[in-house]
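Report on the structure given below.
The values are calculated or read from the model by the stated rules, or taken from the named source; none is laboratory data. The structure displayed is predicted, hence computed values, not measured ones. Every residue, glycine as well, gets a Cβ built from its backbone with ideal geometry; the counts of neighbours run over all protein chains shown.
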Amino acid sequence: MGKQRVLSGVQPTGNLHIGNYLGAIRNWVEGQKEYDNFFCVVDLHAITVPHNPATLATDTYTIAALYLACGIDLNYSTIFVQSHIPAHSELTWFLNCITPLNWLTDMIQFKEKAIKQGENVGAGLLDYPVLMAADILLYNADKVPVGEDQKQHLELTRDIAVRFNHQFGQGETILKLPDPLIRKEGARVMSLTDGTSKMSKSDPSELSRINLLDPPDVITKKIKRCKTDPVKGLEFDNPERPECNNLLTLYELFSGKTKEEVITECQDMGWGKFKPLLTETTIEALTPIQTKYKEVMDDKGYLESVLAEGRQKAGAIANQTLEKVKKALGYSVSI
Ligand code: AMP
Ligand code: TRP
């Protein structure tokens, strides 16, 4: 039996932060030898909220370069850009026509983002999860490694696939049902300024997140200023101390130590001792990523060749699925 297929993606909006890294990309890297992997930069998703055309193309390159910098290995993985493959938009249309509207209005992320947009909610924001379903279903993905916040979108993807197969499959599975791959540790990295809300690219405060490309002095400043509490000693999993749990988890993940080791090392520490330790560990973990990122960005030609190859490999698979879907819907098609 061949390897199972993995597909995932990140939007080229803003800088990637350590939540994106620990919740998603790190898991892609760790699992990549086991699977046949496809990682896309989802630039069609990026325009579902107001965006800046002047930076979209460079932001897309930045994310692709960060995939490589974080350790995505082209011997095991394919990197591509969503908008390079028209099948994503086409399948979205077909899936739109079988997706009940109330499935979309029920999505938590839509409701949250729609509130932020006020009067200006575009239809694309509502349709965002259908485009995501198309991303996944085009590649017959078995596993989709994401952070906790994407779980509902994965459930929707499965519901759409079941519905399509039921209505048009004539007993055949045309669209494969994917499983989410959500690791407990790091699945929900919290804001540095509020341990009860998720670290997010869209938080207006830069102090709330550490970006993968933040230089050491900025990381130092952000950890120095981050929210803590006046309780003595440090502990995991105390619901009264969300910031403490979050910061200890960051230390656990960046140091590579086990939870037990972290407890033994840190339980009697005060913040004054812990914060410099977390700072040093974070900088040490991010420095190699930043160095590799600069190397990749200095060689634009190489990055372009990676994306051109990705476009070919991914496009071939996507087009096959699209043809199957069109045929099932009754279009006359020739491959
Ligand atoms: P996005 O930035 O929305 O494109 O998200 C890209 C990936 O990062 C998705 O798999 C998200 O689930 C994951 N992610 C985003 N924010 C966080 C966070 N605060 N903690 C863990 N994972 C996250
Ligand atoms: N919606 C995802 C997010 O914001 C990004 C995404 C788009 C994605 N298409 C995908 C993730 C397909 C996994 C698979 O995080």
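Of the set (1) among the charged types (D, E, K, R); (2) surrounded by 17 or more Cβ atoms within 10 Å (Cβ to Cβ); (3) within 12 Å of ligand 2 (Cβ to nearest atom), all apply to residue 142 but (3). Taken over region 204-263, the residue count meeting the criterion of being of a type in the set (Gly, Ala, Ser) and over 28 Å from residue 288 (Cβ atoms) is 1. Within region 193-213, the residues that satisfy the criterion of being small (Gly, Ala, Ser) and within 15 Å of ligand 2 (Cβ to nearest atom) are 200, 202.
Being acidic (Asp, Glu) and closer than 15 Å to residue 133 by Cβ is a description that applies to residue 179.
For region 195-215, enumerate the residues that are within 20 Å of residue 249 (Cα to Cα) and either basic (Lys, Arg) or touching a residue at least 40 places away in the same chain (Cβ under 8 Å) (or both). Residues satisfying the conditions are 195, 196, 198, 199, 200, 201, 209, 210, 211, 212, 214.
Criterion applied to 99, 78 was being away from ligand 1 (no atom under 16 Å from the Cβ), among the β-branched types (Val, Ile, Thr), within 25 Å of residue 321 (Cβ to Cβ) and touching a strand residue (DSSP E or B) at 6+ places or on another chain (Cβ under 8 Å), and the one residue passing it is 78. Of all residues in region 161-187, those being touching a residue at least 60 places away in the same chain (Cβ under 8 Å), surrounded by fewer than 18 Cβ atoms within 10 Å (Cβ to Cβ) and within 24 Å of residue 228 (Cβ to Cβ) number 1. When 14, 9, 2 are screened for being closer than 19 Å to residue 87 by Cα and not in a helix (DSSP H, G or I), only 9 passes. When 112, 119 are checked against the criterion of being more than 22 Å from the chain's Cα centre (by Cα), modelled with pLDDT under 95 and either closer than 18 Å to residue 322 by Cβ or in a helix (DSSP H, G or I) (or both), 119 stands alone in meeting it. Would a scan of region 122-136 turn up a residue that is within 16 Å of ligand 1 (Cβ to nearest atom) and in contact with a strand residue (DSSP E or B) (Cβ under 7 Å, 6 or more places away or on another chain)? Yes, some residue in region 122-136 is within 16 Å of ligand 1 (Cβ to nearest atom) and in contact with a strand residue (DSSP E or B) (Cβ under 7 Å, 6 or more places away or on another chain). Here 46, 54 are screened, and the one residue that is closer than 29 Å to residue 116 by Cβ, within 12 Å of ligand 2 (Cβ to nearest atom), in a helix (DSSP H, G or I) and free of Cβ contacts under 8 Å to residues at least 40 places away in the same chain is 46. Scan region 156-170 for residues that are among the charged types (D, E, K, R) and away from ligand 2 (no atom under 13 Å from the Cβ) and the total you get is 2.
Residues checked against (1) within 22 Å of the chain's Cα centre (by Cα); (2) in a helix (DSSP H, G or I); (3) aromatic (Phe, Trp, Tyr):
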site	(1), (2), (3)
265	no, yes, no
273	no, yes, no
281	no, yes, no
285	yes, yes, no
293	yes, yes, yes
310	yes, yes, no
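Hey, any hits in region 79-95 for a residue that's more than 19 Å from residue 9 (Cβ to Cβ), under 18 Å from the mean Cα position of the chain (by Cα) and within 16 Å of ligand 2 (Cβ to nearest atom)? The answer is no, given that none of the residues of region 79-95 is more than 19 Å from residue 9 (Cβ to Cβ), under 18 Å from the mean Cα position of the chain (by Cα) and within 16 Å of ligand 2 (Cβ to nearest atom). When you check residue 104 against the structure, is it in contact with a strand residue (DSSP E or B) (Cβ under 6 Å, 6 or more places away or on another chain) and assigned to a helix (DSSP H, G or I), yes or no? Here the answer is no, as residue 104 does not meet what is asked. Just one of the listed residues (286, 234) is at pLDDT 95 or above, in contact with a helix residue (DSSP H, G or I) (Cβ under 6 Å, 6 or more places away or on another chain), buried (at least 18 other Cβ atoms within 10 Å of the Cβ) and among the hydrophobic types (A, V, I, L, M, F, W, C), and it is 234. Checked against the criterion of being in contact (Cβ under 8 Å) with a residue 40 or more places away in the chain, polar (S, T, N, Q), touching a helix residue (DSSP H, G or I) at 6+ places or on another chain (Cβ under 6 Å) and surrounded by 13 or more Cβ atoms within 10 Å (Cβ to Cβ), the candidates 249, 220 yield just one match: 220. When residue 158 is tested against (1) part of a helix (DSSP H, G or I); (2) touching a residue at least 24 places away in the same chain (Cβ under 8 Å), only condition (2) is not met. Just one residue in the set 273, 326 is of a type in the set (Lys, Arg) and closer than 30 Å to residue 231 by Cα; that residue is 273. So in region 57-101, with the set limited to residues that are acidic (Asp, Glu) and in a helix (DSSP H, G or I), which one is farthest from residue 301 (Cα to Cα)? Only one residue fits best here, namely 90.
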